[in-house]
Each structure stands twice: as structure tokens, then as C-alpha cells.
1. Considering only the other residues whose Cβ falls under 13 Å of the Cβ of A:LEU109, what net charge follows from Lys and Arg at +1 and Asp and Glu at -1?
2. Per q in 0.10, 0.14, 0.17, 0.19 Å⁻¹, report the Debye log10 I(q)/I(0) for region A:182-300, using one uniform scatterer on each alpha carbon and no solvent.
3. Explain nothing, just compute: Karplus ³J(HN,Hα) = 6.51 cos²θ - 1.76 cosθ + 1.60, θ = phi - 60°, for every residue of region B:249-255 in order, whole Hz, x for Gly and Pro.
4. With a ≥ b ≥ c the root eigenvalues of the C-alpha gyration tensor of region A:52-139, is it rounded (a/c under 1.5), prolate (a/b larger than b/c) or oblate?
5. Points 7 angstrom from Cα along the Cβ direction at B:LYS138 and A:ALA195: gap in nanometres?
6. Can you give the alpha-carbon Rg of the protein assembly as shown over 2.2 N^0.38 Å, where N counts its residues?
7. Amide H neighbours of B:LEU108 under 5 Å, counting only residues 5+ apart in sequence or on other chains, H built in-plane at 1.01 Å?
8. Given H placed 1.01 Å from N in the peptide plane, which residues other than close sequence neighbours of B:GLU181 have an amide H under 5 Å from its amide H?
Amino acid sequence: MRQIAPSPPPGTDAAVLPRAALAAPGIATPAAAEGASPLPAPAQARRAGGLGDAAWPWQLASFVLVLAAWEIAGHWPVSLAFPPASRVVAAAAEMALAGDFGRAYAVTLPPLVAGIGIVGITGVALGIAMGLSRAFEWFALPLMVVLQTAPIAAIIPLLTYFYGVSATSKIAAVILLAAPIVVLNSYRGIRNTNASLVDMCRSFLGTRRQQVTKIMLPHASGMIFAGLRLGVSAGFIGVVLAELLISPTGIGDLISYNRSIARYDKMFAAIVSILALATVTLSLLQRLENRLFRPDHAVP
Amino acid sequence: MDASTRDACPARDAGHPAGGVADATPIVRVDGVTMRYANGVSALDGIDLDIPRGRLTTLLGPSGCGKTTLLKIIAGLIPPTAGTVAVNDRIVTGPGPDRALVFQDFALLPWATVLRNVAFGLELRGVPRAEREAIAAKYIRDVGLAGFEHQYPNQLSGGMRQRAGLARALAVDADILMMDEPFSAVDEQMRRKLQEDLLSLLQVEKKTVIFVTHSIEEAVYLSDRIVLLSRRPSRVSAIRDTGIAHDQPPDQIRRDRRYLDTVDEIWDTLKQYLQ
Ligand SMILES: Nc1ncnc2c1ncn2[C@@H]1O[C@H](COP(=O)(O)OP(=O)(O)O)[C@@H](O)[C@H]1O
Ligand SMILES: [Mg+2]
């Protein structure tokens, strides 16, 4: 193996002066050198805002476009069972004034909230546990994958054998539909933790607990909340399915009753009310996530 | 091979003047470190190495030769398959307060401001908030990030992110700063600026630095000592003290005859391994 000759005899030049003995100014002007920001301000706002500010004109335009298409299609008419948007809005107002929505949601929401609550807590916890521990992963992963792909709608009527025609059946339906996606997303979120951030945490003497709370959970929060949003959507589907398939009550009853008496405007009004409620819930969830875990997504 | 390596490395002989400013005892001793990953990749093959105290030592070698692996072993992040690392005569069994890392990909928390990121090492140690933020603010100024305390990493350029990474490592006041290709993700002009700024900063902060790079120019420009690693599985193929005075104005160094000669010599050595 070839050697490189030693450098000129050390000790004969300035190299031997201790660095620390030489006063040095700090570091000058990186901001001037690098520019205050890598992105022009508008680009930054767009990126930071995410679904927020810059997107709303498009969302509004898309909303108006769909309503207009619906109105035209309703007047065409495509089918007797497809009323124009204006009649659906009128029906919704009428139902709201008559208290139909109030009564229906008083029945529908408690099992929905209970189911989502259970999934939101135990489902997320199970997913996180699966991400952190091989034993949990081995135990629960196959079950969740099967549940996610199974045709749950076919199973929901069977729930009456266990829980009868009750709110419990509805809660079970919500859980069956919402749990797999919430659990799997939480699990994947933890599993995908950036290895370099974990190394960083360990090298700065972070404990395992700090690794989990300060690195893995905030890092996984995006996927966990994405799972929760999908889970909430699935939960809405679950509770309505249960009300349609098991016990004609609540908002499901509003839908099936109005269909049976051919009040399609009211039927669609009931469906649209669910969509509106789901949308509001989902956007609140997004805000909660940003506030709790991702302040960098919420910068102005 | 071991004996000849020693010949090329005067500072290892006790009392040799090359010890110069460095204490006679090395701060880090790497002894017979071998690393074989679980998948069968053999990354390091019997590395023996002393890192002199108070100097900047660079590990120079081709990509994939095991530089990061060696740095992680010294950092205590992964245990070697065989051999030991000792820091201040104590065998390394895990990360310690005497070593701080600067990461190639910055490893900043995307959801935390520059201030929290720089204070993060202290946060993990349970230093109270006001105290750690005061310390962080000082180092943010020192690395030239003043005014960016409340920005998030995605609002900063690559060069500025690495300044934050450097400030975080300085804030925990470790003796040894370990930098893994810290400037490789930054464009060329900014890399030069960062190199110059690092040298100025090191004249104030008394640190031992272990620097990893695959750039010959960067290694010679920054280092008091260069350790050449061979291709995988890596061995120490040569050790070279540059003899460059790092207290001269940064732009002078690139014109220094020693700088130019050393770049040439190292290139001559490395060329042989490329065939
Ligand atoms: N966790 C790992 N598991 C298996 N092989 C690895 C791992 N980390 C690195 N290696 C392999 O070890 C070799 C050295 O890697 P590394 O230390 O990252 O090299 P360098 O930093 O010099 O580019 C490479 O071939 C790489 O693929
Ligand atoms: Mg590397």
C-alpha cells in the first residue's frame, strides 16, 4: 500500500497556533448571501396554506359548477327520481323548519360519535402499538387487512344477531367500517418514521419515550389524521348503512321513508345534509391536526 | 500495513511535534473496528484510527465505502461487529454528551421552528425552556441565522438549514463535532461559503471535528488531518496532515501552496484505486 509523505515539518508555521487563540468574527451575512427565502412570497403562501386560502376560489367554482349541472339535469329531466338542485334546497329548508333533521340526527349522531370516538382512541392506539411493537403487528395486521378488503355491507345485517336492532349495532357498524383504515394509517405512519430523525434524537441523548413522543408521533400525525378523516367518512357510511339495512331510524329512515313515498327532493336533501355535515367535520379535523402537530402547515 | 500507516502519521508517535496544538493523547481511538451488516454487506474491515484533540480530521473516501457507518459507530448509534471505539479513554457503548452530530440530510424537525430545532438537543436533556432558548439564540446568531428563529425548515434554503443543524450541534456543547457530508446537499457556491464560515466559527469554538466528505478539495481546505479510506470493505489506506494554517483569510487557503500540493498528492493516491 502506497503512502503519502508526511506534510512539511509541522511546528514551523502558523498551523501550530491554537485556533481558539485567534479571535474571529462570527459568521457574516448568510441571509444576504442566500436570500431571505428560497421561495417568492406567493409561492410560499400557497405551499404553506395547503387546502386553505389560495384554493377556495377553485373550490367555490367547482361547487357552483356542480350545482348548475345538477339544476339543468334536474329540469331536463334525467329521471323523475332526480329533482333539480333548487327543489332539493327548498325541501331541505322545509325539513329543517319542520324539525325533521333535528329529530333524525338526534338518533343518528350518538352512535356515530360513539363509534368514531372509540375508533379515534383505540384504533389510533392500536395502530401506533402495531408500529412500535412486532408482537402487536403480528397479532393485528392480518385482521385489519382482511377487514379493510371485506365487503362489510354484506356483514352489517348480521350484526342484529349479536346486538339486536339497537344503537349498539350501529356503533358496531361504524367501527367495522372505520377501524381498518384508521388503524392501518396510524401503523404505517409510525412505521415510516424518518430514520435520520430517529438517529438525530438518539444521538442527542433522547430516550425511547422522547423518540416516540417528540419524533414518531408528530411525524406520523399526517398519516394518522388522514386515516381519521377517511375513518370519519367511513363512519358516516357505516351509520347510514346500518340505518338502511338494520333499523329504519334517524337519517337513514329519512332517506328510505322519503324514497318509499317518492319524495325524492326530500331524500336528496337528507343525503346532502350528511355530505355537508361530513365535510364540516373533516375540515375541523384538519384544523385540529395543524394546530396540534403541524404548525408549519398553518403559517400565514 | 499497520506499521507503514503509522509512518505516514507522525502525530501518532508520542512527543512528535506534529502533535502541535493538539494534546498528546488522541480524543478518539478507533481500534480494529469491523462492521458487517445483517444483510451480509461488509462495510468496514479492521479500522485503526486516532483522532487528535482540538483538530479537524476528515474521513475521505469514495461513496459507499463506509464513512457514514464509521461515523455512526463512533457516535454510538450502531455497535460494531468487532473492535472498539474509545472517547477520552472510555469505551463507547452508545451516544454520549461528548459527541454531537451534524447530518447530511440536516435531520431538522419539519414541524418545529429554527429556534426549537436548535434547542432540541437541550430540550431532550430537560434543560428548562427559557434557558435552552437563550443558548439556542446565541448559536443561531453565531451561525448567521439571526432573524430566522421563528421560521420553519421548509422556509429556509439548504445552506440555511445546515446552519441550523450546525447550531443545534454546537448548542449542546460537546467536545466532538461529527459532520457527515454536511454540505453535500448544498449547491457549489453556497458550499464554499459554508466551508469558509465553518472555519471562522471553529476559530472561536474549541472543538474536535470529525468531518466526512467525498470531495478532495473540501477535505484539504478544511482539514488538519485527512484519513483516506479505501473502497468497501473499508480500511485506512493513508493518513495525511495538511499542515495548512487555517487561521489565514479563507480565500488565501485555496491559493496556499500546501493546499494545491496536498490536493494533487491525494488525487494521485486515490487514482490507483479507481482502476
Ligand atoms: N443499515 C444498513 N444495512 C445494510 N447495509 C448498509 C446499511 N447502511 C449502509 N449499508 C451499506 O454499507 C456500505 C457503506 O455505507 P455508508 O457507510 O453509508 O457509506 P458512505 O457513507 O461512505 O457513502 C454501503 O454499501 C451501504 O449500502
Ligand atoms: Mg454517507
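1. +1
2. Cα-only, vacuum Debye calculation for region A:182-300: -0.48, -0.72, -0.88, -0.99.
3. x, x, 6, 5, 4, 5, 9
4. Judged from the Cα gyration tensor, region A:52-139 comes out prolate (a/c at least 1.5, a/b above b/c).
5. 3.7
6. Numbers: Rg = 31.7 Å, N = 575, 2.2 N^0.38 = 24.6 Å.
So the Cα radius of gyration is 1.29 times the expected 2.2 N^0.38 Å.
7. Residues meeting the criterion, in which the H sits 1.01 Å from N, do not exist here.
8. Here B:VAL212, B:THR213 satisfy the definition.
Since every read-out is calculated from the coordinates, none of them should be taken as a lab result. Quick caveat: nothing in here was measured; it's all calculated off a predicted structure. Counting neighbours? That spans all protein chains shown, and the Cβs are built from the backbone with ideal geometry, glycine included.
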